[in-house]
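Since the structure comes first, as structure tokens, the remarks are kept for the end.
The values are calculated or read from the model by the stated rules, or taken from the named source; none is laboratory data. Worth saying up front: this structure is predicted, and the values here are computed from it rather than measured. Note that each Cβ is placed from the backbone with ideal geometry, even for glycine, and that neighbours are counted across all protein chains shown.
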Amino acid sequence: MKKIIFAIVLAAALIVSCNSRERPAQTEARGAAQIITESRNFSDVIGREWKLIEVRINGENTGFSRDTVGDAFREAFTLRFDAAEMVSGTGAPNLYSAPYSLGENQSIRIMMMRSTMMASIFEPEGLSEFDFFNYVQNTSYWSLTGGRLNLHSTSGDDEVVLIFAAN
């Protein structure tokens, strides 16, 4: 009888502790992998490679599209956040990295970037590497919705949203 009571008390404690946590990420099953559709936990962003798929300035699409960048730029405009508070990735064509720090309410600060110094003969239509680096470095907060990572940035008076898909 004591074992049954102990098991009931233990189960109740586990249920109560699970309900007191922050809301877990919502996931959607796709084959063997799970796509995170919405989350407020940055741990769902860390360790994944993200490819830029769209850029919006003041709510309007700039014309950059992952589908039209061509084979030469298939690996351009990526990023990966790691647990050691570093972000790194590929511009067009340079590699870059920078330290970052998280704040409250999904705020993020990406510090001074460093990059390789390769010259580019061509740039993808709709986005220069310089602008990409500028937008990433001026990111003020992030969101994860619909399986997409959104970095919210500013450039002058413009509000910029970089939209990434997990690779």
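Brief remarks on what is shown
- Any hit, the stretch 66-81, residues being modelled with pLDDT under 95, surrounded by 15 or more Cβ atoms within 10 Å (Cβ to Cβ), over 14 Å from residue 137 (Cα atoms) and among the polar types (S, T, N, Q): no
- Among residues of the stretch 110-132 that are surrounded by 18 or more Cβ atoms within 10 Å (Cβ to Cβ), those with a beta-carbon under 8 Å from a residue that is modelled with pLDDT under 90 and among the aromatic types (Phe, Trp, Tyr) at least six positions away or on a different chain give the pairs 124/64; 124/73; 127/64.
- Residue that is surrounded by the most Cβ atoms within 10 Å (Cβ to Cβ), among those in the stretch 42-54 that are part of a loop (DSSP other than H, G, I, E, B) and in contact (Cβ under 8 Å) with a residue 40 or more places away in the chain: 45
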